[in-house]
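In what follows, a structure is listed as structure tokens, so that the remarks can point back to it.
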Amino acid sequence: MNNNDEIKAKNTRLVRKLLFIVIAMFGFGYALVPIYDVFCDLTGINGKTNTSAADETVYEIDKSREITIEFITSLNESAPILFESKLKKLKVHPGQYYTVNFYAENKTNQPMLARAIPSISPGLTAEYFIKTECFCFLEQTFKAKEGKMMPLRFVIDPELPDRYKTITLAYTFFDNTEASVKNKR
Amino acid sequence: MSAVASEHEHTDDHHDHGPAKGWMRWIVTTNHKDIGSMYLIFALIMFFVGGTMALIIRAELFEPGMQFVEPQFFNSMTTMHALVMVFGAVMPAFVGFANWMIPMMIGAPDMALPRMNNMSFWMLVAGILMLASTLFMEGGAPASGWTLYPPLVLQTGDALPFAVFSVHLLGISSIMGAINIIATILNMRAPKMSLMQMPLFVWTWLITGFLLIAIMPVFAGAVTMLLTDRFFETSFFDAAGGGDPVLYQHIFWFFGHPEVYVMILPTFGIASTIIPVFARKPLFGYSSMVYATASIAFLSFIVWAHHMFTVGMPISGELFFMYATMIIAVPTGVKIFNWTATMWKGAMTFEAPMLFSIAFVVLFTLGGFTGLMMSIAPVDFQYHDTYFIVAHFHYTLVPASVFILMAGGYFWIPKWTGKMYDERLARLHFWLSAISVNILFFPQHFLGLAGMPRRIPDYATQFSDWNMVSSIGAFIFGFSQLMFVYIVIKTIKGKDCADATDEVWEDAAKHGLEWTLPSPVPYHTFATPPEKIPTEHF
């Protein structure tokens, strides 16, 4: 019957369209990864501080305000690293540059590749916390048992809204020595 | 009334032969009724597999302290219970109903793509078997919850790739099923049936089909990213490499929220089919039902982050997802109103399908209200990851989806087998289920509000009493479901069962084409499309 062929042809056309949606949505799932980055960059809501050194611009120092910066250090999956901040707290004026030191030590007898990942709270202050130098920009190499002083130089943008009095900066050290460690787990 | 369409005319390529002989019939069948039965039986078996896992969880939680299982295995049980129930029981059960009923409801001879239909069923079996095999692997089955959040899920032992591939298989299976259903509905309808004359079960499945093809590929992508993060050194979700674990939650819930509607929209469809028959009235507000279903489906795509209010979203995000979520209560409220209005002043009788449907309307409303409570972002911080959310989604899944699946089973089994089920036993099954399901889940609201976290095998002693009550309810509920199996088997065997008439239910033929066919329904139906569509009741 002609009718049957007609329905078959209609089905084929429809299935093609639907399969196209399926493939497009699979792609969309992957596209969400960059979309989120772009969206968060544009809106400044991702709570991530800058990941490469910013230029050292001169700001007008706002002596009238004092912001408390807290430094927290932690380790991922009990990585064999000694990691601490020399300062736990620092009162700063917006617009003025400060350098603080962190200390990290490889506790193993092997060389180590490790990376510190920052996190800032409240997240919306991230765009006002500007780092001109940070050990977190690059992966760090440690010789066996080596300990290092690692500097962080930063400034608080004087544009920071008045409601923020305290900013907490947390670093987590990840042991990346063997990316293949993941496979062996 | 019971004109047999297949006897009208002798078409050249369709001799009216019955099913093939022997067991190979079930392997190679392309008949929508056979495949529908296989889906339904498979779903019922998985319902008991998943239910057994739930009883292991409830047995462990009967008393504080560790009794029966290791914490790791307990977490595997919560994970596998959810995955088996979602992908093995509820979704396949609705696909089973779709296979059986959609062609009969729209006057089509079969599904549009019968061979693909067979393939999607056997892929489902393969996927579930692969998922079940992870229970016996080094390191145990996934124990991260069904959401499979990294970084925890990346610590799964050998099971991780198998779990990921089983999700792929299940995804392909449901995508094929969805494509088939959409093609059947759009291309195979009786020429006289317009879209706005379709029964609501068909409508809800059309919309669900589109949801499925939109979200399953995203989930497949998310688990593939987990796989490459673990084995191929990508860093989608690995903070050490510049990734972000919260990203996974965004992608997962972009799939996950529409997914919960995949399990509830066909529920709405079956309820809208059953209630008018036993209220002996047309469905109130047919077109508003269709539009409400479509709006719920649309809204489901823009509310996902209400599952993650506590991850530290900016306030603008919290507010957007909070208001968007609250809006869903409007179309859902329209539906509840319509079902109630359908029953209003109806000449109601209370056979088992109607009892289950009424319980669904009441208890689903309750589950909806707790959902509304949790949509309020500031208070969600208290409810998040407690037993309150467990109580909420079980109210929307068990006395809603599962009850309606039971209702649908009782409603259509006389049409399928030609025999009436045992009404007295079915009503007993209903009352046992309806009472025990509340003993089981209602106390979990109190536990959650008091702060008991979910997915933990032990708890502080102040939670003991309600946990014990909940566990007792769980065991009564679990064992009551064996009655359903007994009733179904008894009906299929047909001894001591009354013969069903063609209409089965009084005046049912006014409500749907399937009731114009003889009971038991012949192997091939509607070889030529029906002349008359019962439109007055849509």
I need a count of the residues in region B:489-518 that are in contact with a Phe, Trp or Tyr (Cβ under 8 Å, 6 or more places away or on another chain) and over 26 Å from B:K281 (Cβ atoms).
3
Which one of B:L447, B:L440, B:L405, B:L432 is modelled with pLDDT of 95 or more and either in a loop (DSSP other than H, G, I, E, B) or surrounded by fewer than 24 Cβ atoms within 10 Å (Cβ to Cβ) (or both)?
B:L432
Among the residues of region B:335-384, count how many are basic (K, R) and either surrounded by fewer than 21 Cβ atoms within 10 Å (Cβ to Cβ) or at pLDDT below 95 (or both).
1
In the list B:F201, B:F210, B:F237, B:F255, which residue meets the criterion of being closer than 30 Å to A:F174 by Cβ and assigned to a helix (DSSP H, G or I)?
B:F255
Options A:T73, A:T68, A:T49; residue that is at pLDDT below 85 and among the β-branched types (V, I, T)
A:T49
Kindly establish whether A:R115 is of a type in the set (K, R) and in contact with a Cys (Cβ under 8 Å, 6 or more places away or on another chain).
yes
Picking from A:D55, A:D5, A:D62, A:D41, the residue that is over 30 Å from B:F236 (Cβ atoms), away from chain B (no Cβ under 12 Å), among the charged types (D, E, K, R) and exposed (fewer than 14 other Cβ atoms within 10 Å of the Cβ) would be A:D55
Go through region B:467-510 residue by residue and tally those that are buried (at least 19 other Cβ atoms within 10 Å of the Cβ) and under 23 Å from B:Y387 (Cα atoms).
6
Only residues in region B:212-235 that are more than 9 Å from every other protein chain (Cβ to nearest Cβ) and in contact (Cβ under 8 Å) with a residue 60 or more places away in the chain count as the first member; pair them with residues that are buried (at least 24 other Cβ atoms within 10 Å of the Cβ) and part of a loop (DSSP other than H, G, I, E, B), Cβ under 8 angstrom, at least 6 apart or cross-chain, and list the lot.
B:L226/B:P150; B:L226/B:F237
Tell me, yes or no, whether region A:5-15 has at least one residue that is under 25 Å from B:P314 (Cβ atoms) and part of a helix (DSSP H, G or I).
no
Restricting region B:287-299 to residues that are surrounded by fewer than 21 Cβ atoms within 10 Å (Cβ to Cβ) and among the hydroxyl-bearing types (S, T, Y), the one farthest from the other protein chains (Cβ to nearest Cβ) turns out to be B:S288
Return yes when B:T461 is out of contact with any Ser or Thr (no Cβ under 7 Å at 6 or more places or on another chain) and hydroxyl-bearing (S, T, Y) and no when it is not.
yes
Residue among B:A82, B:A98, B:A112, B:A126 that is buried (at least 24 other Cβ atoms within 10 Å of the Cβ), among the aliphatic types (A, V, I, L, M) and modelled with pLDDT of 95 or more:
B:A98
Selection from region B:195-211 of residues that are free of Cβ contacts under 8 Å to residues at least 60 places away in the same chain and surrounded by fewer than 22 Cβ atoms within 10 Å (Cβ to Cβ):
B:L195
Here is a list of conditions, (1) surrounded by 20 or more Cβ atoms within 10 Å (Cβ to Cβ); (2) away from chain B (no Cβ under 14 Å); (3) under 16 Å from A:E66 (Cα atoms), and A:H93 meets all of them except one; can you say which number that is?
(1)
Please verify whether B:L265 is farther than 25 Å from B:W205 by Cα and of a type in the set (A, V, I, L, M), treating the condition exactly as stated.
no
Search region B:20-36 for residues being surrounded by 13 or more Cβ atoms within 10 Å (Cβ to Cβ) and in contact (Cβ under 8 Å) with a residue 24 or more places away in the chain, and hand back the single one that is nearest to B:A108 (Cα to Cα).
B:H32
By residue number, the members of region B:303-351 that are within 14 Å of chain A (Cβ to nearest Cβ) and either over 21 Å from B:Y383 (Cα atoms) or within 21 Å of the chain's Cα centre (by Cα) (or both) are B:W304
State which residue is surrounded by the most Cβ atoms within 10 Å (Cβ to Cβ) when the search covers only region A:111-157 and only residues that are touching a helix residue (DSSP H, G or I) at 6+ places or on another chain (Cβ under 8 Å) and among the β-branched types (V, I, T).
A:I156
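The values are calculated or read from the model by the stated rules, or taken from the named source; none is laboratory data. A quick note: this is a predicted structure, and the numbers were derived from the prediction, not measured. Here the Cβ is made from the backbone with ideal geometry for all residues, glycine too, and neighbour counts use every protein chain on show.
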